[in-house]
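The values are calculated or read from the model by the stated rules, or taken from the named source; none is laboratory data. Worth saying up front: this structure is predicted, and the values here are computed from it rather than measured. For neighbour counting, all protein chains shown are included, and Cβ atoms are generated from backbone atoms with ideal geometry for every residue, glycine included. Just so you know, the surface numbers come from the protein's heavy atoms only, side chains and all, with ligands and any DNA or RNA stripped out. Shrake-Rupley method; radii C 1.70, N 1.55, O 1.52, S 1.80 Å.
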Amino acid sequence: MNRRDFLKAVHKALIAVGGINFFTFEELEALELGEIEKPDIVWLHAMSCDGCSTSFLNADISILDVLTTFTNIIFHPTIMAATGEMSLEIIEKYKSDNLIMIVEGGIPTKMPHACLMGERYITEWISEIAKKANVAIAAGTCSTFGGICDMKGMVTGAGSLRYFLNSKNINTPVVNLPTCPMKANHLLYTLFFYIKHKKLPPLDNTLRPLRFFGETIHDRCVYYHDYQEKIFAEKIGERGCLFKLGCQGPVTKNDCVKSSNAYDKYNCIKSGHPCVGCASENFPRTIMFKRSDDEREIEKYKTFKRI
């Protein structure tokens, strides 16, 4: 793919997520050429499987290519060439007035030694970088709500980026991009909105972009008509609404069923499977496919204290 085709593909992806309302093709070219200031990015991994970063490699246009073209990647442990002490010196000495910090993975608030980078706790790194950053992005459900890192039996006290920064009295604005793994189109929209407006897009009360998290999956589900007609599937593959199979669509806000752009390849409903609620505050539930109308188990295992 040559440069021109790449820019067209990125612009097409921006159109698909609503970026056409604020970012033109001419501005995209200007940003690529450095005529518009590119933000600097420090991307840190806390307790993470690296799934959010790795999943981007499966996109038709890798978000990592987008990042390296339209932003200045100062630090990213998965894609940077530098290693060891050299890589750590980069962020220790780095100063910027246009910095975005991205944190992937849950933050061990009760057991800092559960996650180290170099010989320092990741909590120290996050605190240090957050104080320099203009904005912080929580990448994926673990960084947003605790996610897998805070499931039953975990002892690290995994918490969200928002909770951690609040506990340290660090006032850097936070935007939450849940989903396991985080969707590349959500990050694409958030980054370009910030580049254009120097502020975050409109957010809900849990700091998620309203463009993607304003409605439940159930509201736009392809099986919504079956739900209204009380036609329910009793097993995977049968016709009907998947509610009785434990679908979490009614309590999960995301754009899975209405998104059709090339980045969105992680979709339970479109594959005929009940929504697992991977963008939800309740993810993962102790019994993932218990019927949704039984709220006692949900209340028993809520872990909202650290989000």
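Quick notes on this structure:
- Subset of segment 41-93 that is under 21 Å from Ile122 (Cβ atoms) and of a type in the set (Asp, Glu) - its residue that is modelled with the highest pLDDT: Asp50
- Top-ranked residue in segment 160-192 [being out of contact with any strand residue (DSSP E or B) (no Cβ under 9 Å at 6 or more places or on another chain) and closer than 17 Å to Phe283 by Cα; ranked as most open to solvent (accessible area, probe 1.4 Å)]: Cys180
- Annotation note: of Ile61, Ile126, Ile90, Ile102, the sole residue that is of a type in the set (Val, Ile, Thr) and either free of Cβ contacts under 8 Å to residues at least 12 places away in the same chain or part of a strand (DSSP E or B) (or both) is Ile102.
- For Gly246: the one exception among (1) crowded, with 18+ Cβ neighbours inside 10 Å; (2) modelled with pLDDT under 90; (3) within 20 Å of the chain's Cα centre (by Cα); (4) not acidic (Asp, Glu): (3)
- Residue in segment 277-300 that is modelled with pLDDT of 65 or more, open to solvent by 80 Å² or more (accessible area, probe 1.4 Å), within 18 Å of the chain's Cα centre (by Cα) and closer than 29 Å to Asp65 by Cβ present: no
- Among the candidates Thr78, Thr54, residue that is part of a loop (DSSP other than H, G, I, E, B), within 18 Å of the chain's Cα centre (by Cα) and hydroxyl-bearing (Ser, Thr, Tyr): Thr78
- Ile195, sole failed condition from (1) open to solvent by less than 70 Å² (accessible area, probe 1.4 Å); (2) touching a residue at least 40 places away in the same chain (Cβ under 8 Å); (3) under 25 Å from Met47 (Cα atoms): (3)
- Note on segment 75-94: residues that are over 23 Å from Lys183 (Cβ atoms) and out of contact with any helix residue (DSSP H, G or I) (no Cβ under 7 Å at 6 or more places or on another chain) amount to 12.
- Here Ala46 does not qualify as surrounded by fewer than 22 Cβ atoms within 10 Å (Cβ to Cβ) and either of a type in the set (Gly, Ala, Ser) or on the phi < 0 side of the Ramachandran plot (or both).
- Taking (1) farther than 30 Å from Ile36 by Cα; (2) in a helix (DSSP H, G or I); (3) open to solvent by 40 Å² or more (accessible area, probe 1.4 Å) in turn, Lys230 satisfies each apart from (2).
- Total residues in segment 251-269, condition outside any loop (DSSP other than H, G, I, E, B), modelled with pLDDT under 90 and either open to solvent by 50 Å² or more (accessible area, probe 1.4 Å) or over 16 Å from Tyr223 (Cα atoms) (or both): 1
- The residues on offer are Gly18, Gly34, and the sole one that is touching a residue at least 60 places away in the same chain (Cβ under 8 Å) and at positive phi is Gly18.
Residue-by-condition table, conditions (1) without any contact (Cβ under 8 Å) to a residue 40 or more places away in the chain; (2) at negative phi; (3) among the small types (Gly, Ala, Ser):
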site: Gly146; (1), (2), (3): no, no, yes
site: Cys149; (1), (2), (3): no, yes, no
site: Val155; (1), (2), (3): no, yes, no
site: Leu165; (1), (2), (3): yes, yes, no
site: Lys168; (1), (2), (3): no, yes, no
site: Thr179; (1), (2), (3): no, no, no
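- Only one of the listed residues (Glu35, Glu29, Glu85) is surrounded by 15 or more Cβ atoms within 10 Å (Cβ to Cβ) and acidic (Asp, Glu). That residue is Glu29.
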